[in-house]
Amino acid sequence: MSFDLKNVLNTPDLSRKDCILLLLKFNDSKAKNVNEIKDLAKANGLREIEKWNISMILSSLKGLAIKIPEGWTITRDGETYLVAKGFLDYSPVIKIHNNLLKKTKNISSPYVKEFIIEAIKSLEFKLYKSAVVFSWVGALSILYEYIVNNRLSDFNNEASRRDSKWKTANNIDGLTRMKEYDFLQIIEAISLIGKNTKNELEQCLKLRNSCGHPSTLKIGENKVASHLEILILNVYNVFS
């Protein structure tokens, strides 16, 4: 999300709150302290910021900006606010982030919810590889829980048919003994998911593996948004 800070800051009737949020968003949301915010504003023509109580304005931005050890940084809610005001182009990750937040309200299992919250936090700090990993583990946890509660016998029967050495699973821990790729083959075989869904989840698994192991792979928000969209539409929305 890029924008011309100098022109935007000099928009007529721009509120101090909006100015501060735009300054926090500038330079890829890099955390900034009060002096850095003030210097950036003056460098872009907003001289009157010298008269502002920046600390008080920052403290009033509840939920839109947070203070971390490195300084103040804008949150996803803050970015959503700027998008709604027309200052920023729409980011696909913002929608995904908000969808994940909504999903946590429908999940009662602390075991599952923990992974989704980790994925949300990763998105907030642009830790895209972490978001891929945690969102996959969250989706897998949802599938495990659904099978234990609804299709455990069917799953064990198919697993035993494919592998005579399969030890009957009685709980989630038992299911985790199986490789995740093989797990996807079995849930397709018992018609829990369709072939096309399985194929897409296999791609999500490949990306998770690439992000979860040391590599030179780099990914951006569009790749993460695509990965999360598949998981939300085909797992979170269906089985949670």
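The values are calculated or read from the model by the stated rules, or taken from the named source; none is laboratory data. Keep in mind that this is a model prediction, so the values were computed, not measured. With ideal geometry, Cβ positions are generated from the backbone for all residues, glycine too; neighbour counts draw on all protein chains shown.
Annotations for the structure displayed:
- Pairing each residue of the stretch 28-51 that is without any contact (Cβ under 8 Å) to a residue 12 or more places away in the chain with any residue that is part of a helix (DSSP H, G or I), provided the two are 6+ apart or on different chains, yields no C-beta distance under 6 Å.
- Counting the residues of the stretch 200-240 that are under 14 Å from Leu100 (Cβ atoms) and outside any helix (DSSP H, G or I) gives 1.
- Matching entry among Ile116, Ile147 (being modelled with pLDDT of 95 or more and either crowded, with 22+ Cβ neighbours inside 10 Å or touching a Gly at 6+ places or on another chain (Cβ under 7 Å) (or both)): Ile147
- Filtering the stretch 78-89 to residues that are buried (at least 19 other Cβ atoms within 10 Å of the Cβ) and aliphatic (A, V, I, L, M) leaves Leu82, Leu88.
- Of the residues in the stretch 157-176, none is within 23 Å of the chain's Cα centre (by Cα) and modelled with pLDDT of 95 or more.
- Lone unmet requirement of (1) within 30 Å of the chain's Cα centre (by Cα); (2) farther than 20 Å from Arg76 by Cβ for Lys30: (2)
- Residue pairs whose Cβ atoms lie under 6 Å apart, sitting 6 or more positions apart in sequence or on different chains, and linking a residue in the stretch 69-89 that is in the same structural domain as Asn33 (by TED's automatic domain parsing) to a partner that is assigned to a strand (DSSP E or B) and surrounded by fewer than 19 Cβ atoms within 10 Å (Cβ to Cβ), are Thr75/Ile66.
- Any hit, the stretch 90-106, residues being more than 30 Å from Ser15 (Cα to Cα), assigned by TED's automatic domain parsing to the domain that holds Glu221 and free of Cβ contacts under 8 Å to residues at least 24 places away in the same chain: yes
- Enumeration of residues in the stretch 42-70 that are over 24 Å from Phe125 (Cβ atoms) and within 30 Å of the chain's Cα centre (by Cα): Met56
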